[in-house]
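Okay, so here's the structure we're looking at.
The values are calculated or read from the model by the stated rules, or taken from the named source; none is laboratory data. These numbers were taken from a predicted model, which means no experiment stands behind them. So basically every Cβ, Gly included, is an ideal-geometry build from the backbone, and we count neighbours across all protein chains shown. With ligands, DNA and RNA removed, areas are computed over all heavy atoms of the protein, side chains included. Shrake-Rupley method; radii C 1.70, N 1.55, O 1.52, S 1.80 Å.
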Amino acid sequence: MDIPEHDVIVVGAGNAATCAALSAKENGASVLQLEISPEAARGGNSAFTGGAFRIVYHGFDDLARLIPDISDQELANVDVGTYTAEQYYDDIGRMTQYRSDPDLTEILITRSFDTGVWMREQGVRFQLGLGRQAFQIDGKFKFWGGLACHIWGGGKELMKALGGRGAREGIPVLYETPAVSLLQGDDGIAGVRVRHQGRMRDLRSKAVILACGGFEANAEMRARYLGPNWDLAKVRGSRYNTGQGLKMALDIGAAPAGNWSGAHACAWDINAPPFGDFDVGDRFQKHGYPFGIVVNAEGKRFLDEGLDFHSYTYARYGREILNQPNHFAWQIFDSKVLHLLRDEYRIPRTTKEKADTLEALAERLEGVDPKGFLDTMRAFNAAPRPEVPFNPNIHDGLRTSGLPPDKSNWAQRLDTPPFEAYAVTTGITFTFGGLKITNDTEVEDVTGRPIPGLFAAGEMVGGLYYHNYASGTGLMAGAVFGRIAGRSAADYVRRF
């Protein structure tokens with residue numbers, strides 16, 4: 001098979017990669033995409049996402065540019081609030097302990113809305129995140145956590161829309177074609193060595209954009225960089241994100257950046273498969289814990305379930321589960337809050353127990369010490385609380401006093417049967433360590449100079465996330481920096 005030279009080769013076919021390819025094409029470059037997976041598994045982690053899209057907006061008028069088909073009924077029954085740039089900065093700073101690269105953070109935030117509009121022009125549809133980021137109180141939905149905007153249909157529809165646009169633009173994709181190494185010439189990057197149809201091939205180009213994810217699907221790299229027991233974690237998304245793109249770049253002297261010992265990991269059904277399941281998507285996740293409690297094998301609580309909205313704690317609490325005996329936990333709820341649990345709790349493939357008494361439930365929690373569990377439940381229910389109303393849409397201040405640890409919000413007593421429990425382990429989403437890039441997404445070498453012709457976007461970019469992660473920033477960052485990478489690569493080719 002004769003593969004002609006292209007101006008730009010994009011390694012990857014997920015959200016960031018496809019945005020990069022479309023942007024490069026839009027800016028006059030010829031583009032080829034490489035994808036390690038079969039076509040049916042295209043999309044990397046993007047194909048598994050629920051679609052949260054963290055974007056600056058100032059009310060309905062902004063959201064209407066992205067969701068023009070908002071109905072009058074939604075307008076009457078929904079309070080979308082605002083999510084300003086200042087709020088975005090505050091959230092990123094707080095989540096990362098103010099370690100996030102300031103330039104990259106500013107680019108992410110200030111270009112978020114414009115990038116959302118651009119994605120809509122590519123055919124991506126958006127919707128309000130009702131049922132995921134808003135609860136109905138007194139007949140009105142009120143959004144919290146800055147996530148009013150979601151991608152319609154989640155990751156599957158996102159990749160269907162972007163991939164369809166790429167096909168219409170005539171951007172070829174070579175599937176089952178893993179990249180092996182980067183080619184170098186006297187003037188910089190000269191293409192990519194790949195394995196295609198069983199043979200090693202050198203594909204020539206003037207620029208390369210790396211957008212093929214982190215190393216979360218590589219058990220050896222997880223253990224090496226994240227630490228003990230991380231090789232035991234389940235992988236929420238693509239089995240193909242093995243860190244090969246990072247290795248290729250580091251092998252030619254690219255500079256690492258970011259939190260290489262950190263990762264986005266959440267509560268994931270204990271009996272989920274080792275890697276993501278396209279048919280289930282993100283629904284093995286279990287994010288309802290702020291409205292219940294979480295216990296380990298000893299029956300003890302080990303985290304503050306009500307510290308914040310789940311959007312701001314879920315990506316770090318997966319690590320806490322991994323640190324528990326036998327690396328699992330049970331989430332416990334009573335009937336007062338079952339209506340607040342998202343649809344992910346109702347799928348057939350859920351590890352669940354139910355009982356009319358706590359004593360009966362204690363005997364059904366596999367791997368948990370029944371006495372320890374009942375002692376924990378009695379202490380939790382007996383703990384003093386202020387007389388304030390429970391409200392899932394705000395930090396309601398309904399907190400316990402005197403517990404190890406106390407629950408900061410939403411700490412209703414679990415006293416109304418039936419009781420339900422869900423078994424979870426750690427599901428890793430993506431790794432935080434990546435490559436050092438310039439504001440134009442050029443990959444820097446270890447001396448701080450850009451490597452001519454090499455660009456990066458998506459989860460390969462280091463420096464945005466440290467310790468924690470605010471939901472919806474991953475897709476947003478992939479789109480923002482993917483779009484920039486495509487334009488920067490096309491500009492580089494014109495100067496080449």
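For segment 1-119, which fully contained helices (runs of 4 or more DSSP H) count at least 1 residues that are closer than 22 Å to ALA489 by Cβ and open to solvent by less than 30 Å² (accessible area, probe 1.4 Å)? Outline the logic, then answer.
On the way: elements: 15-26, 60-66, 72-77, 85-95, 102-110.
In segment 1-119, 15-26, 102-110 are the helices (runs of 4 or more DSSP H) which contain 1 or more residues that are closer than 22 Å to ALA489 by Cβ and open to solvent by less than 30 Å² (accessible area, probe 1.4 Å).
So TYR312 clears everything in (1) over 24 Å from the mean Cα position of the chain (by Cα); (2) in contact (Cβ under 8 Å) with a residue 60 or more places away in the chain except one condition, right? Which one?
(1)
Which one of THR447, THR400, THR416, THR441 is among the hydroxyl-bearing types (Ser, Thr, Tyr) and closer than 25 Å to ASN241 by Cα?
Values: THR447 fails: closer than 25 Å to ASN241 by Cα; THR400 fails: closer than 25 Å to ASN241 by Cα; THR416 fails: closer than 25 Å to ASN241 by Cα.
Unique residue meeting the criteria: THR441.
Just the residues that are in contact (Cβ under 8 Å) with a residue 24 or more places away in the chain and either open to solvent by 50 Å² or more (accessible area, probe 1.4 Å) or out of contact with any helix residue (DSSP H, G or I) (no Cβ under 8 Å at 6 or more places or on another chain) (or both), please, taken from segment 412-438.
Keep residues of segment 412-438 that are in contact (Cβ under 8 Å) with a residue 24 or more places away in the chain, which gives 412-437.
Of everything in segment 412-438, those that are in contact (Cβ under 8 Å) with a residue 24 or more places away in the chain and either open to solvent by 50 Å² or more (accessible area, probe 1.4 Å) or out of contact with any helix residue (DSSP H, G or I) (no Cβ under 8 Å at 6 or more places or on another chain) (or both) turn out to be ARG413, ASP415, THR416, PRO417, PRO418, ALA423, PHE432, LYS436.
Across segment 185-202, which residue is most open to solvent (accessible area, probe 1.4 Å) among those that are over 15 Å from ILE451 (Cα atoms) and touching a residue at least 40 places away in the same chain (Cβ under 8 Å)? Break it down stepwise before answering.
Start the filter on segment 185-202 by keeping residues that are over 15 Å from ILE451 (Cα atoms), which leaves 193-202.
Now restrict to residues that are touching a residue at least 40 places away in the same chain (Cβ under 8 Å): 194, 196-197, 201.
On the way: VAL194: 0, HIS196: 12, GLN197: 138, ARG201: 47 Å².
Here the residue is GLN197.
Any idea which of GLU359, GLU353 is among the acidic types (Asp, Glu), buried (at least 17 other Cβ atoms within 10 Å of the Cβ) and touching a residue at least 12 places away in the same chain (Cβ under 8 Å)?
Working: GLU359 fails: buried (at least 17 other Cβ atoms within 10 Å of the Cβ).
Within the list GLU359, GLU353, the selection yields GLU353.
Let me confirm something: among ARG283, ARG319, which residue is crowded, with 20+ Cβ neighbours inside 10 Å, assigned to a helix (DSSP H, G or I) and within 20 Å of the chain's Cα centre (by Cα)? Working first, answer last.
Numbers: ARG283 fails: assigned to a helix (DSSP H, G or I).
Only one candidate passes the filter, namely ARG319.
How many residues does segment 260-280 contain that are within 30 Å of ILE437 (Cα to Cα) and open to solvent by 20 Å² or more (accessible area, probe 1.4 Å)?
Here the count works out to 4.
Could you please give the count of residues in segment 297-311 that are within 16 Å of ALA421 (Cα to Cα), open to solvent by less than 10 Å² (accessible area, probe 1.4 Å) and touching a strand residue (DSSP E or B) at 6+ places or on another chain (Cβ under 8 Å)?
Result for segment 297-311: 1.
Could you check how many residues of segment 461-476 are surrounded by fewer than 24 Cβ atoms within 10 Å (Cβ to Cβ) and in contact with a strand residue (DSSP E or B) (Cβ under 9 Å, 6 or more places away or on another chain)?
Qualifying residue count, segment 461-476: 2.
Working only within segment 372-395, note down all residues that are open to solvent by 20 Å² or more (accessible area, probe 1.4 Å) and in a loop (DSSP other than H, G, I, E, B).
Residues satisfying the conditions are PRO384, ARG385, PRO386, GLU387, VAL388, PRO389, PHE390, ASN391, ILE394, HIS395.
Of all residues in segment 69-112, which are of a type in the set (Ser, Thr, Tyr) and at positive phi? Before the answer, list the steps.
Initially, segment 69-112 is screened for residues of a type in the set (Ser, Thr, Tyr), giving 71, 82-84, 88-89, 96, 98, 100, 105, 110, 112.
Correct list: TYR98 only.
Listed here are the residues, each with its yes/no results for (1) open to solvent by 10 Å² or more (accessible area, probe 1.4 Å); (2) assigned to a helix (DSSP H, G or I); (3) touching a Pro at 6+ places or on another chain (Cβ under 8 Å).
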{"residue": "ASP440", "(1), (2), (3)": "yes, no, no"}
{"residue": "GLU459", "(1), (2), (3)": "yes, yes, no"}
{"residue": "GLY482", "(1), (2), (3)": "no, yes, no"}
{"residue": "GLY486", "(1), (2), (3)": "no, yes, no"}
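All but one of (1) assigned to a helix (DSSP H, G or I); (2) closer than 30 Å to THR473 by Cβ; (3) of a type in the set (Gly, Ala, Ser) hold for ALA423; which doesn't?
Tallying (1) assigned to a helix (DSSP H, G or I); (2) closer than 30 Å to THR473 by Cβ; (3) of a type in the set (Gly, Ala, Ser), ALA423 fails exactly one: (1).
Given the criteria touching a Gly at 6+ places or on another chain (Cβ under 9 Å) and at pLDDT below 95, does GLY12 qualify?
Details: touching a Gly at 6+ places or on another chain (Cβ under 9 Å): yes; at pLDDT below 95: no.
Answer is no for this residue.
Please go through (1) surrounded by 17 or more Cβ atoms within 10 Å (Cβ to Cβ); (2) outside any helix (DSSP H, G or I); (3) aromatic (Phe, Trp, Tyr) for TYR314 and return the number of the only condition it doesn't satisfy.
Looking at each condition in turn, TYR314 falls short on (2).
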